[in-house]
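These notes are about the structure you will find just below.
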Amino acid sequence: MRSNLFDASNQERQTNDRWALQSSKMLRCALKPQAPEIISAAGAMVAYQGQMDFSYQGSGGGMKLLKKMATGEGGNMMRTRGQGEIFFARQNNEIFLLQLEGDALTLNTRNMLAFDSSIQWDIRSLGGAGFMAGGLFNLFLQGQGMVAVTSDGPPMLLDCSQQPTFVDPQAAVCWSANLQPQIKNDFKMGSLIGRGSGESFQLGFHGPGFVVVQPSEGAPVVAAS
């Protein structure tokens with residue numbers, strides 16, 4: 001059989017790295033019994049080779065459980081352990097990797113793909129605005145390990161230290177954890193900025209740090225009935 005499907009560029013990437021991009025839209029992770037487990041978004045696994053064990057990632061009880069019950073965020077996560085290779089992807093989105101070295105990151109939950117279980121996590125909200133539109137209950141990550149993040153299109157990095165920066169909540173992918181975004185309400189009766197009511201307010205960032213923006217508002221948020 002002959003086909004350009006069998007070209008080397010389409011075959012599994014051979015690497016000793018634990019985390020590696022198979023392509024710009026697919027992540028390859030190597031798991032070993034003694035290595036940290038991987039926490040991922042439920043449904044993000046597209047293939048694996050070897051022996052894997054999948055389980056629901058619980059909240060750990062306490063305030064995390066209460067937050068998950070109140071917001072619905074952080075509940076759709078899976079924990080994977082085993083030996084072999086596992087591949088993750090989400091809706092043909094771009095993927096980029098961030099190595100945490102004792103520092104912290106705030107991440108839009110809809111853009112979380114996977115992270116090392118050695119990283120501590122918590123669910124944090126931005127006031128009552130989280131009930132108005134998607135993306136305002138965020139994932140706080142801190143510690144040592146790798147984080148895989150998705151972007152609906154090529155991501156853009158904005159420096160927030162020079163001047164105030166305002167971002168649509170659904171376009172904000174992640175930002176420096178030291179930044180405390182403020183909600184800026186631009187709603188005027190009879191008119192809305194952009195295409196949806198979620199765009200009547202933005203997240204305002206100002207201070208030393210960065211925010212990553214995707215060129216999309218992502219998949220539409222469906223309100224619970």
- [ ] Given the conditions (1) of a type outside the set (Gly, Ala, Ser); (2) within 18 Å of Gly209 (Cα to Cα); (3) assigned to a loop (DSSP other than H, G, I, E, B); (4) open to solvent by 20 Å² or more (accessible area, probe 1.4 Å), report the number of the one that Gln170 does not fulfil.
- [x] (2)
Open item on the list: Every residue in the range 15-32 that is over 21 Å from Gln120 (Cα atoms), open to solvent by 50 Å² or more (accessible area, probe 1.4 Å) and either of a type outside the set (S, T, N, Q) or touching an Asp or Glu at 6+ places or on another chain (Cβ under 8 Å) (or both), please.
Closed with: Asp17, Leu21, Ser24, Lys25, Met26
Task: Every residue from the range 33-49 that is open to solvent by 50 Å² or more (accessible area, probe 1.4 Å) and assigned to a strand (DSSP E or B) - done: Met45, Val46, Tyr48, Gln49
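Quick check, is Ile123 within 17 Å of Gln57 (Cα to Cα), at pLDDT below 95 and among the aliphatic types (A, V, I, L, M)? Give the derivation first.
Values: within 17 Å of Gln57 (Cα to Cα): yes; at pLDDT below 95: yes; among the aliphatic types (A, V, I, L, M): yes.
Answer is yes for this residue.
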TODO: Go through Ser161, Ser118 for me and flag whichever is at pLDDT 90 or above, hydroxyl-bearing (Ser, Thr, Tyr), in contact with a Pro (Cβ under 9 Å, 6 or more places away or on another chain) and over 28 Å from Thr80 (Cβ atoms).
DONE: Ser161
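The values are calculated or read from the model by the stated rules, or taken from the named source; none is laboratory data. Just so it is clear, the model here is predicted, and its values are computed rather than measured. As a convention, Cβ positions derive from the backbone with ideal geometry for all residues, glycine included, and neighbour counts pool all protein chains shown. For the accessible areas, the whole protein counts, side chains as well, though only heavy atoms, and no ligand, DNA or RNA atoms are used. Shrake-Rupley method; radii C 1.70, N 1.55, O 1.52, S 1.80 Å.
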